[in-house]
1. Under 5 Å between amide H atoms, partner at least 5 residues away or on a different chain: which partners does Ser142 have, H built in plane at 1.01 Å?
2. Per the Kirkwood definition applied to all pairs of different Cα atoms, how many angstroms is the hydrodynamic radius of the chain?
3. Which one, Gly42, Gly133, Gly51, has the greatest fluctuation when you compute a Gaussian network model over the chain with C-alpha springs under 10 angstrom?
4. Packing-wise, with mean Cβ within 10 Å as the measure, how do 108-119, 164-175 rank, highest first?
5. Tell me what the chain gives for mean residue ellipticity at 222 nm when only DSSP H runs of n ≥ 4 count, each as -39,500 (n - 2.57), the sum divided by the residue total, rounded to 500 deg cm²/dmol.
6. Starting from the Cα of Glu174, move 7 Å in the Cα-to-Cβ direction to define the label point; list residues of the range 69-86 whose amide nitrogen is under 17 Å from there.
7. Peptides 22-29, 205-212: what's the order by average Cβ count within 10 Å, highest mean first?
8. For Arg215 and Thr93 in one chain, what is 0.36 nm times their gap in residues minus the Cα-Cα distance, to one decimal in nm?
Amino acid sequence: MDNVLIVTGGGRGIGAETARLAAARGYAVCVNYRNNREAANGVVAAIRAGGGTAVAVGADVAVESEVVRLFEAVDAQLGPLTALVNNAGILETQARVEQIDAARVDRVFATNVRGPFICAREAVRRMSTRHGGAGGAIVNVSSRAAQLGAPGEYVDYAASKAALDALTIGLAREVAAEGIRVNGVRAGIIYTEIHAAGGEPDRVDRLGPTLPMQRGGDPIEVARAILWLLSDEASYSTASFIDVAGGR
Ligand code: NAP
């Protein structure tokens, strides 16, 4: 059976590296994006140029109806789903808690928690042996911030990733006997465009030298951990996490 993977937020950063690496390992890949269709199409074109199978599907994971449409598009275009990487995530401008309003908390949690929750639901409905599926694997892309708290920067984001970790553990145990493994990767400080959204594009260069490994991470280093957890090499791992954070 073909491995069919959805990578949410697969057009840029960690998601793009994950999509490319998965395709190189034989997965048919759905590259989901929210706004940047051009970036997602670029990832798809590179995969196809290498002989792989990929499609780009736009959907905001924070919107339930769009998530449902995303999974239906994959059913129709790639076939039965076997893997999901809940990678799409956002953060907002660096701020202290006393500066953060309710609307911002809602936006961050909508993408970082509600999105993975609804995506996981759609995946379980397709993959669980309880529903006639053939099993599969889910990896949630979390952050070391879930445990460090991101004080002075984005405690709202850190809290959303802690919620994602709880989803990982609870769902993993809920579906462990139904052929589905659910794991998390907690990334450290990685070279992507997300730091510009926080208002500090050069954040990785600033903080990299302060880390135990004295450098920021490359998205491919996170992608490799994600692909291992998706693979049969990780057949006895569920409700577990890999930190990819240079010792942070
Ligand atoms: P990025 O370069 O900013 O890329 C984010 C991707 O997510 C983009 O493809 C974006 O789509 C997509 N996205 C955002 N909101 C979405 C939504 N509501 N629906 C669908 N797609 C959405 O970020 P990144 O650094 O690669 O981050 C990927 C994941 O790693 C996130 O969950 C992030 O929290 C986590 N992480 C990153 C770091 C780090 O240092 N970079 C550290 C720890 C954890 P568009 O291209 O359409 O905008």
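We did not get these values from a lab; they are worked out from the coordinates using the rules stated. All of these numbers come straight from a predicted model, not from anything done at the bench. Cβ coordinates were reconstructed from backbone atoms using ideal geometry, including for glycine residues, and neighbour counts include every protein chain displayed.
1. Val185, Arg186, Ala187
2. 17.9
3. Its mean-square fluctuation being the largest, the pick is Gly51.
4. Going from most to least packed, we get 108-119, 164-175.
5. The helix contribution divided over the chain gives -13000 deg cm²/dmol.
6. Zone members listed by number: 84-86.
7. 22-29, 205-212
8. Additional length available on full extension: 41.6 nm.
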